[in-house]
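To keep things clear, I will list the structure first and then write my remarks on it.
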Amino acid sequence: MVRATLATFEGMRSEEAFELLYASFQKKAESYSMVEEPKLGRKRSKPDYSILQFVEGYNESQGHQFESAKDMYRRIYFEAIDCFIVSLKDRFDQPSFQVCSTRGAPSFHHQK
């Protein structure tokens, strides 16, 4: 079951899958008259790098400005898919899980 879930997420990690999902959301949004086209928020001023250069793990790409709302959602989509894939692999690619999966599912039937 884990392998099938992992394969599903890996299959979803493509530009085509994102385009299909985004198009389906747009079509759904069009059916509601109160929903507007997604827009980017206002542009923020650049942060003071003299302070941020000391923050562990900070890099300049975190302050990236997107060209469109679709570009922003594309990045969020791929980051989420990557997070799911990495989490599944970290959780289930452990030696103890490998032993359990090769033995098969345990039986919980009571013997008389």
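The values are calculated or read from the model by the stated rules, or taken from the named source; none is laboratory data. Remember, predicted model here, so these are calculated numbers, not experimental data. Please note: Cβ atoms are built from the backbone with ideal geometry, for glycine as well, and neighbour counts cover all protein chains shown.
Could you grab the pairs with beta carbons closer than 8 Å, sequence gap of 6+ or different chains, first residue in the range 68-91 and under 13 Å from Leu40 (Cα atoms), second one modelled with pLDDT under 90 and surrounded by 13 or more Cβ atoms within 10 Å (Cβ to Cβ)? So the pair list comes out as Ser68/Leu40; Ala69/Pro38; Ala69/Leu40; Lys70/Pro38; Met72/Leu40; Met72/Phe66; Tyr73/Pro38. Applying the criterion of being over 22 Å from Ala80 (Cα atoms) and of a type in the set (S, T, N, Q) to the residues of the range 23-62, the residue that is modelled with the highest pLDDT is Ser31.
Can you tell me which residues in the range 69-101 are at pLDDT below 55 and exposed (fewer than 10 other Cβ atoms within 10 Å of the Cβ)? Write out each step before concluding.
Applying the first criterion (at pLDDT below 55) to the range 69-101 yields 99-101.
Correct list: Val99 only.
Look at the range 1-22: where a residue is modelled with pLDDT under 95 and a partner is exposed (fewer than 11 other Cβ atoms within 10 Å of the Cβ) and in a helix (DSSP H, G or I), sitting 6+ places away or on another chain with Cβ atoms under 9 Å, you get Val2/Arg91.
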